[in-house]
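Only the coordinates and a few stated rules stand behind these numbers; no lab work does. Nothing here was measured: the structure is a model prediction, and the numbers come from that model. Note: ideal-geometry Cβ built from the backbone for every residue, glycine included; neighbour counts use all protein chains shown.
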Amino acid sequence: MKAAVLGTGSVGQTIATRLAGLGHQVVMGTRDVAESKLRKTADAFGNPAIGEWVEKNPSVKLVTFKEAAAFGEIVFNCTKGVYGIEALTLAGKENLAGKIIVDISNPLDFSKGMPPTLTISNDNSLGEEIQKQFPNAKVVKALNTMWCGLMVNPAMINGGDHSTFVCGNDQDAKVQVKTILKSFGWAEKNILDLGDITNSRGTEMYLPLWVRVFGVTQNGAFNIKIVS
Ligand SMILES: NC(=O)c1ccc[n+]([C@@H]2O[C@H](COP(=O)([O-])OP(=O)(O)OC[C@H]3O[C@@H](n4cnc5c(N)ncnc54)[C@H](OP(=O)(O)O)[C@@H]3O)[C@@H](O)[C@H]2O)c1
């Protein structure tokens, strides 16, 4: 599969590494390739800067958002939520048409410090906004409810027995995304299809709780398990 990972942060790096490790052809999108390659300072959590990461991952080519979207048969949106529409606009409507966008982003606003607030909530969500702005793409919201290390390696906690969600308007797109999640290690029984893209509201509005749990535990390797 030809995959475009839009986003150079820890999520983009993690998803790109996992997809490449599974044998997919992967490119990563950024705004300015030359400037991104110059970034060499790890973030506060020790995640490598993109300039350092690309040197260590030569199989993943760093290109512009537009070039990445043109290349990908499927597009992973791992961009900063508050700028997600801008990033996808740079990727180009024409390059997203007919393609699945796996939307992992969250509309978090850190401008007033911790904990962040949501810029969209209640009767709208970022997943829906992306679907509205890019009507010819098939947006599937997935994996946004957990730390990126767990997205691609659920076995890291509880023997892999915990929950993840998908939602989106296109049934076939969700089936394809579920197949990818299973290749990441998710068990079918733990992938809950919440329905259409309006259900992004639920997964995005979980983030205020996620950041508070992280705030007290300082450990991102936790997740929800639906029990009944
Ligand atoms: N970190 C996690 O474990 C985690 C877990 C669940 C969900 N998420 C969500 O996943 C997304 C990615 O998170 P992250 O921590 O990996 O990285 P991030 O710092 O939130 O986002 C980095 C990406 O956003 C792009 N970006 C920033 N400002 C932009 C602008 N003004 N216009 C266009 N693009 C812009 C950057 O482009 P450049 O490459 O050009 O700099 C970069 O590719 C976020 O929405 C986050 O909420 C994160």
* To do: For region 3-56, name all the residues that are under 18 Å from ALA70 (Cα atoms), touching a helix residue (DSSP H, G or I) at 6+ places or on another chain (Cβ under 6 Å) and not hydrophobic (A, V, I, L, M, F, W, C).
  => THR8, GLY29, THR30
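Each row is one residue, and each column tells you yes or no for (1) surrounded by 14 or more Cβ atoms within 10 Å (Cβ to Cβ); (2) over 13 Å from the mean Cα position of the chain (by Cα); (3) part of a helix (DSSP H, G or I); (4) away from the ligand (no atom under 11 Å from the Cβ).
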site	(1), (2), (3), (4)
VAL5	yes, no, no, no
GLY12	yes, no, yes, no
ALA20	yes, yes, yes, yes
GLY23	no, yes, no, yes
VAL27	yes, yes, no, yes
LYS37	yes, yes, yes, no
THR41	no, yes, no, yes
PHE45	no, yes, no, no
PRO48	yes, yes, no, yes
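Are there any helices (runs of 4 or more DSSP H) wholly within region 123-228 with 3 or more residues that are among the hydrophobic types (A, V, I, L, M, F, W, C), and if so which?
The helices (runs of 4 or more DSSP H) meeting that bar are 148-151, 171-184, 207-217.
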* To do: Taking only region 94-110 into account, find how many residues are more than 10 Å from the ligand (Cβ to nearest atom), of a type in the set (Asp, Glu) and not in a helix (DSSP H, G or I).
  => 1
* Asked: Is it true that some residue in region 23-43 is in contact with a Gly (Cβ under 9 Å, 6 or more places away or on another chain) and among the small types (Gly, Ala, Ser)?
  -> yes
* Looking only at residues in region 52-75 that are more than 20 Å from the chain's Cα centre (by Cα) and part of a helix (DSSP H, G or I), which one is nearest to the ligand (Cβ to nearest atom)? -> GLU52
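Looking at region 78-93 only, could you name the residues that are within 10 Å of the ligand (Cβ to nearest atom) and assigned to a loop (DSSP other than H, G, I, E, B)?
Residues satisfying the conditions are CYS78, THR79, LYS80.
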* Which of the residues belonging to region 145-196 are surrounded by fewer than 19 Cβ atoms within 10 Å (Cβ to Cβ), β-branched (Val, Ile, Thr) and without any contact (Cβ under 8 Å) to a residue 60 or more places away in the chain? -> VAL175, THR179, ILE191
* Asked: Residues LEU62, LEU19, LEU6: which one is in contact with a Cys (Cβ under 9 Å, 6 or more places away or on another chain) and at negative phi?
  -> LEU6
